[in-house]
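A short write-up of the structure that comes next.
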Amino acid sequence: MRVNVTVNGEHRRADHVWEGESLLYLLRERLGLPGAKNACEQGECGSCTVYLDGVPACACLVAAGQAEGREVRTVEGLADGDELDPVQESFVERGAVQCGFCTPGLLVAAHDLIERNHQPSDAEIREALAGNLCRCTGYEKILDAVRLAAARKVEAAQ
Amino acid sequence: MDFLRPSTLAEALAAKAAHPEAVPLAGGTDVMVELNFDHRRPAALLDLGRVAELHEHAVVDGRVRIGASVPYTRIIAELGDRLPGLAMASRTVGSPQIRNRGSVGGNLGAASPAGDAHPALLAADAEVEVASVRGTRLVPVKDFYTGVKRNVLAEDELITAVHLRPATGPQQFSKIGSRNAMVIAVCAFGLALHPESGRVGTGVGSAAPTPRRAVDAEEFLAGELADRNHWTSPRALEDSVKRRFGELVAAAASPIDDVRGSAAYRKHALAVMARRTLDWAWQDYREGSWQACA
């Protein structure tokens, strides 16, 4: 089947999509967007988190055909040109990136949290990131990065 | 494989009648896992994502009607005041990403004994709205489950909504898992006090082939509360009443030993959860605080 989807603001079309295929496969293998990672394919790790119509979802659990006519925003769409999003900057600065496999999903989840809640508590950060597994960092640096990104967001708003 | 994409409920029901083998696909949190792992190759997928009626909730005849595809996130945010037990259970489902997509309709369709919504639905006497081209019927949730991952749906039927009365008393939900987040229940318990009718509702999860009520426990507690005139002049509950309630809840379960826990552990945990949720709910009732925070 054919799938039309808006990805990071751009209309994209894919032909010969298998009906049981996931949005993750569509993004990575057909549209050339490897930012969202394929790790567990069962919604356990969060590495493939993308926005679907503005709501974070595991791309591996969305059928490609369900994205027809919808808007998808991937980690590639967080930066504004060469300008990194504050969440991305903070991850770099605080050393919240190691092997990097979980990073795209964590960035989208953290981005969503900070959009909804400019001053998240530590408990709220932990809850928001509970669906994203990282096997390298021990999470402390990730928490640091999210706190920093949130603080900058508040600063920027003032 | 076909990919059926109805845009109205009527179209969805017609599609299900024409393709009874089609697997309904809503949030995808169960079905896509099976597809990704090659555990299932249905002849057709029936995408319900475009059927607006399934994504809405409204009050109908004094009851909250929740469309089958309303995601848990929205139940928590938009219905937590009226359906506190279901909202509490919804908060324990998976991760934020999963709660953004997963729905009560999906939980019912999968009918896993470990589904988090079931104990809350049972405790609140929910009814499941089921529709086909032949018409619509309401199934009391206690009669909905027929076996492990089996339910009463005919092959041309779709789950369209659940109906629950807004809470008239405190509700609680408790779940045991090996960690706090992203965990399938080892066992779970839902409790609803219904002071307007002098009844008690319970739901036991992940401790029997199907989710089920603990009917003897409900009747025992309702009897105690009535005999002692507790509904109208609530006092602290005797420890013996709480303990007995816990024992009867545990007795209603018929769990198995599996990788998540032994049958004995599940029974013990259920007794503890029943006692504790009763304590919390009764305290709320005595203080009237469930109305304030509801």
- What is chain B's relative contact order, in percent, from Cα pairs under 8 angstrom and six or more apart in sequence? 16
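Per residue of B:47-56, what is the mean number of Cβ atoms on other protein chains within 10 angstrom of that residue's Cβ?
Average neighbour count from other chains, rounded to a whole number: 2.
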- Check: C-alpha center region A:84-122 vs C-alpha center region B:23-50, spacing in Å is 31
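Indicate, rounded to the nearest 5 percent, the antiparallel portion of the DSSP beta bridges found entirely in chain B.
For chain B, the DSSP antiparallel bridge percentage is about 85.
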- Restricting the count to DSSP beta bridges whose residues both fall in chain A, what percent are antiparallel, rounded to a multiple of 5? 85
- For region B:1-52, the Cα convex hull volume per residue in Å³ comes to 62
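Just how large is the dipole of the protein assembly as shown about the Cα centre, in debye to the nearest 20, putting +1 at every Lys and Arg Cβ and -1 at every Asp and Glu Cβ? Mind showing how you got there, number by number?
Numbers: 50 positive and 59 negative charges, 191 e Å.
Charge dipole, the protein assembly as shown, about its Cα centre: 920 debye, nearest 20.
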- Could you tell me, in Å, what Rg and Dmax come out for the Cα atoms of region A:15-98? 13.6, 43
- the protein assembly as shown, helix-only ellipticity at 222 nm - DSSP H runs n ≥ 4, -39,500 (n - 2.57), divided by all residues, nearest 500: -10000 deg cm²/dmol
- Kindly identify chain B as rounded, prolate or oblate by the Cα gyration tensor criterion: order the square roots of the eigenvalues as a ≥ b ≥ c, call it rounded if a/c is under 1.5, otherwise compare a/b with b/c, prolate if a/b is larger, else oblate. prolate
- Task: Arrange A:MET1, B:MET32, B:MET182 by Cβ neighbour counts within 10 Å, fewest through most, would you?
- Result: A:MET1, B:MET182, B:MET32
- Message: Could you work out the pair-distance distribution P(r) of region B:148-294 from its alpha-carbon pairs, with 10 angstrom bin width and percents rounded to whole numbers?
- Response: 11, 38, 32, 16, 2, 0
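Fewest first, what order do A:LEU106, B:LEU48, B:LEU13 take by the number of other Cβ atoms within 10 Å? Spell out each step's value before the answer.
Numbers: A:LEU106 27, B:LEU48 30, B:LEU13 22.
Final ranking by Cβ density, sparse to dense: B:LEU13, A:LEU106, B:LEU48.
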- Message: Checking the table B:LYS16/B:LYS142; A:LYS141/B:LYS267; A:LYS37/A:LYS153; A:LYS37/B:LYS267 against a 31 Å threshold on Cα-Cα, which pairs fail?
- Response: A:LYS141/B:LYS267; A:LYS37/B:LYS267
- Item | Most fluctuating residue given options B:GLY169, B:GLY201, B:GLY177, as computed from a GNM of chain B linking Cα atoms under 10 Å | B:GLY177
- Taking the dipole of region A:1-134 about the Cα centre (Lys, Arg +1; Asp, Glu -1; charges at Cβ), the one of A:TYR51, A:GLN66, A:CYS99 that reaches farthest to the positive side is A:GLN66
- Could you line up B:PHE189, B:PHE37, A:PHE101 from fewest to most neighbouring Cβ atoms inside 10 Å? B:PHE37, A:PHE101, B:PHE189
- Average partner chain C-beta neighbours within 10 Å, per residue of B:23-32? 5
- Note on the structure: The relative contact order of region B:157-294, taking Cα pairs under 8 Å that sit 6 or more residues apart, comes to a percentage of 25
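Just so you know, all these numbers are worked out from the coordinates, no wet-lab data involved. The shown structure was predicted, so the numbers you read here are calculated from the model rather than taken from an experiment. Cβ atoms come from the backbone with ideal geometry, glycine included; neighbour counts cover every protein chain shown.
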